[in-house]
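The values are calculated or read from the model by the stated rules, or taken from the named source; none is laboratory data. In this text the structure is predicted, and so the values were computed from the model without any measurement. Positions of Cβ are backbone-derived with ideal geometry, glycine not excepted, and every protein chain shown enters the neighbour counts. Surface accessibility is based on the protein's heavy atoms, side chains included, excluding ligands, DNA and RNA. Shrake-Rupley method; radii C 1.70, N 1.55, O 1.52, S 1.80 Å.
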Amino acid sequence: MKLITSTEDLASVCSRFATQPFVTVDTEFMRETTYYPKLCLIQIAAPDGSTALVDPLAPDIDLAPFFALMGDEGVLKVFHSARQDLEIIWLLGGLLPQPFFDTQVAAMVCGYGDSVSYEQLVNDVAKAKIDKSSRFTDWSRRPLSDAQLSYALSDVTHLIKVYEVLARELIATDRGAWLDEEMAVLTSPDTYRADPEHAWKRLSSRMRKAREIAVLMEVAAWREREAQTRNVPRGRILKDEAVIDIATSAPRSVEALGRLRTIPAGFERSRTGTDILAAVERGLSRDPASVPTPERGRARSGGNGALVELLKVLLKAVCEEERVAPKIIATVDDLEALAEDGAADVPVLHGWRRGLFGEKALALKAGRLALSAEGGRVVVRELPEA
């Protein structure tokens, strides 16, 4: 389990991996004290038994051969729950792996449940167990222990079997195309661009007034830019609760800012306090008509709560019957939109999702479908036309 610490050795092993039909990839990183993830280890394995543990913290190592492998369209890159791994590759290498396969997404399509863990998938598919004792260790410290290296390597060696089993199941069930939409999101650069102007969206669900949202937009964008510039977690700049308090109260003076319970004593008189007050003023000067309404803030009308619950039951029943995870079919927001409007532009009314669930949902809403309990299971029945 020798670490690769030179560019020459990395190039050699990557040239060998480039001859394989697929490679399994994982990374270990730290981001508790930084905004951007700090890459600490790269693990790669191939079906011919080749493996590599790469030390990206080694002095003078150039990761270009690794990024070239990630961009090699002749080699499939297999990850599990790849979003954060792909974010690192995008940030450091300026590319996203192609072609690409995420076993967590595939597992949902194949009926292993919503967001199934890697450990559970290895246990169910590869019939193996992973020693998780090194999972939360400090991967940035050197030297890495044998236990850490063994754990890290197992993440990619077991993944070979997991991928092979899931790939066969997808072929057998003809569900390969079901992954396309999810894979497209994961391999889109837009997924990993942290645009400060969009930072407000993750905090906007409790806000309704245009004035509050306008201030939130400016304060959240300021905080995001500060966190990126200093490379520290956004919470180190200002906690979420404080951003929300500022947006709802819109303080316009040092004294008003200092009275907020989420602002530390004396904070309001610092340079940061001055920047926050300036952001508040920018928010208040926005034209309310130009302030967007957060999607989750749009209240559903018509008292459709009971219908939404019925659609949830239908979704669960269909997914149990078809052996597919509900999460990949429809979200609660999708079901709420569908309950309100049978022509809503939601994923569940397009493509394979419509054939699997959307048409049944519309039939249930129109009174052409019934749900009943038989033998401890929910049964879906079509009703005869009147």
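Take the residues in region 21-36 that are under 23 Å from D72 (Cβ atoms) and under 20 Å from the mean Cα position of the chain (by Cα), then tell me which one is surrounded by the fewest Cβ atoms within 10 Å (Cβ to Cβ). Let's see the steps before the verdict.
Initially, region 21-36 is screened for residues under 23 Å from D72 (Cβ atoms), giving 21-29.
Still in the running and under 20 Å from the mean Cα position of the chain (by Cα): 24-29.
Numbers: T24: 26, V25: 27, D26: 22, T27: 24, E28: 23, F29: 19.
So, considering only residues that are under 23 Å from D72 (Cβ atoms) and under 20 Å from the mean Cα position of the chain (by Cα), the one surrounded by the fewest Cβ atoms within 10 Å (Cβ to Cβ) is F29.
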- Kindly establish whether K77 is among the charged types (D, E, K, R) and closer than 21 Å to F17 by Cβ. yes
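From the list D146, D131, pick out the single residue that is open to solvent by 30 Å² or more (accessible area, probe 1.4 Å), among the charged types (D, E, K, R), at pLDDT 90 or above and farther than 19 Å from R168 by Cα. Before you say what the answer is, go through the steps one by one.
On the way: D131 fails: at pLDDT 90 or above.
Result: D146 is the single residue among D146, D131 that is open to solvent by 30 Å² or more (accessible area, probe 1.4 Å), among the charged types (D, E, K, R), at pLDDT 90 or above and farther than 19 Å from R168 by Cα.
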- Message: Under 6 Å between Cβ atoms, which residue pairs at least 6 apart in sequence (or on different chains) link something in region 146-163 that is farther than 16 Å from V23 by Cβ with a partner that is open to solvent by less than 40 Å² (accessible area, probe 1.4 Å) and in a helix (DSSP H, G or I)?
- Response: A147/S134; Q148/S134; Y151/S134
- So which residues in region 257-271 are buried (at least 16 other Cβ atoms within 10 Å of the Cβ) and either assigned to a helix (DSSP H, G or I) or hydroxyl-bearing (S, T, Y) (or both)? L257, G258, F267, E268
- Of (1) among the polar types (S, T, N, Q); (2) outside the structural domain of A242 (by the TED database); (3) open to solvent by 80 Å² or more (accessible area, probe 1.4 Å), S372 satisfies every one except (3)
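Looking at region 273-283, which of the residues that are open to solvent by less than 30 Å² (accessible area, probe 1.4 Å) and free of Cβ contacts under 8 Å to residues at least 40 places away in the same chain is nearest to W200 (Cα to Cα)? Quick ask: steps written out before the conclusion?
Let us first name the residues in region 273-283 that are open to solvent by less than 30 Å² (accessible area, probe 1.4 Å), namely 273, 276-277, 279-280, 283.
Now narrow it down to the ones that are free of Cβ contacts under 8 Å to residues at least 40 places away in the same chain: 273, 277.
On the way: G273: 19, L277: 17 Å.
Among residues in region 273-283 that are open to solvent by less than 30 Å² (accessible area, probe 1.4 Å) and free of Cβ contacts under 8 Å to residues at least 40 places away in the same chain, the one nearest to W200 (Cα to Cα) is L277.
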- Item | So R223, is it outside the structural domain of D334 (by the TED database) and open to solvent by 30 Å² or more (accessible area, probe 1.4 Å) | no
- Taking the condition buried (at least 19 other Cβ atoms within 10 Å of the Cβ), in contact with an Asp or Glu (Cβ under 7 Å, 6 or more places away or on another chain), of a type in the set (V, I, T) and assigned to a helix (DSSP H, G or I), does V162 pass? no
